[in-house]
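*Asks:* Below you will find the structure I want to go over with you.
The values are calculated or read from the model by the stated rules, or taken from the named source; none is laboratory data. The model shown is predicted, which means the values in this text are computed figures rather than measured ones. Don't worry about glycine lacking a Cβ; one is built from the backbone with ideal geometry, like all the others, and counts go over all protein chains shown.
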Amino acid sequence: MGGVQIDDIPVRTLRGEDTTFGALTAGRVALVVNVASRCGLAPQYEQLEAMHRSYGDRGFTVVGVPSNQFLQELGSSDAIAEYCSATWGATFPMLEKTPVNGRHAHPLYRALHEVPDDAGKAGRVTWNFEKFLVAPDGRARRFRPRVLPDAPEVVAAIEELLPERASGA
């Protein structure tokens, strides 16, 4: 699990609020996912929301990053927010529509490009729903788009970073 320093990177939420990645995640373990409403992988929203709710009380959050990099995202922030809420019940934090690759890639994604997947391959985001699990200390792990959010290897990696459940919880 490599490390990235991303807490001080400025981000803007889907609602237009300026903050930093660190302030947005508030010391939580974050699963950063570039999402797209019109992508065939969009049903992953359901698993992302379930994980956000299931692990939220233990210090976990999903951070959705809408991107039209692969020409499959809706046009406006309002349309994206409505789709995610109405279709998938998404309550996790979302950033504004963001380029994830190329010359105009957001600084957050330029840093995440350094994180290798389990085969040791780093670099650009290959498709929508690529996942980056980021610990508060900057340790990070990459999961490619077709790895489901609730796949055993993702769940194990999240569990490894989260505190144990309190007894009786």
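*Asks:* Restricting attention to region 135-146, which residues are surrounded by 14 or more Cβ atoms within 10 Å (Cβ to Cβ), under 16 Å from Arg28 (Cα atoms) and not aliphatic (A, V, I, L, M)?
*Replies:* Within region 135-146, Pro136, Gly138, Arg139, Arg141 qualify.
*Asks:* Could you list, in sequence order, all residues of region 116-134 that are surrounded by 20 or more Cβ atoms within 10 Å (Cβ to Cβ) and assigned to a loop (DSSP other than H, G, I, E, B)?
*Replies:* Residues of region 116-134 that are surrounded by 20 or more Cβ atoms within 10 Å (Cβ to Cβ), as a first pass: 125, 128-134.
Within region 116-134, Val125, Asn128, Phe129, Glu130 qualify.
*Asks:* Follow-up question, since we're still on this one. Please tell me if Pro149 is part of a loop (DSSP other than H, G, I, E, B) and buried (at least 18 other Cβ atoms within 10 Å of the Cβ).
*Replies:* Details: part of a loop (DSSP other than H, G, I, E, B): yes; buried (at least 18 other Cβ atoms within 10 Å of the Cβ): yes.
Yes: the conditions hold for Pro149.
*Asks:* Residue under question is Gly102, and the condition is that it be over 30 Å from Glu164 (Cβ atoms), in a loop (DSSP other than H, G, I, E, B) and modelled with pLDDT under 90; does it hold? Spell out how you get there, then give the answer.
*Replies:* Working: over 30 Å from Glu164 (Cβ atoms): yes; in a loop (DSSP other than H, G, I, E, B): yes; modelled with pLDDT under 90: no.
No.
*Asks:* Now, a different point. Give the residues of region 152-169 that are of a type in the set (Asp, Glu), surrounded by 12 or more Cβ atoms within 10 Å (Cβ to Cβ) and assigned to a loop (DSSP other than H, G, I, E, B), sorted by residue number.
*Replies:* Of everything in region 152-169, nothing turns out to be of a type in the set (Asp, Glu), surrounded by 12 or more Cβ atoms within 10 Å (Cβ to Cβ) and assigned to a loop (DSSP other than H, G, I, E, B).
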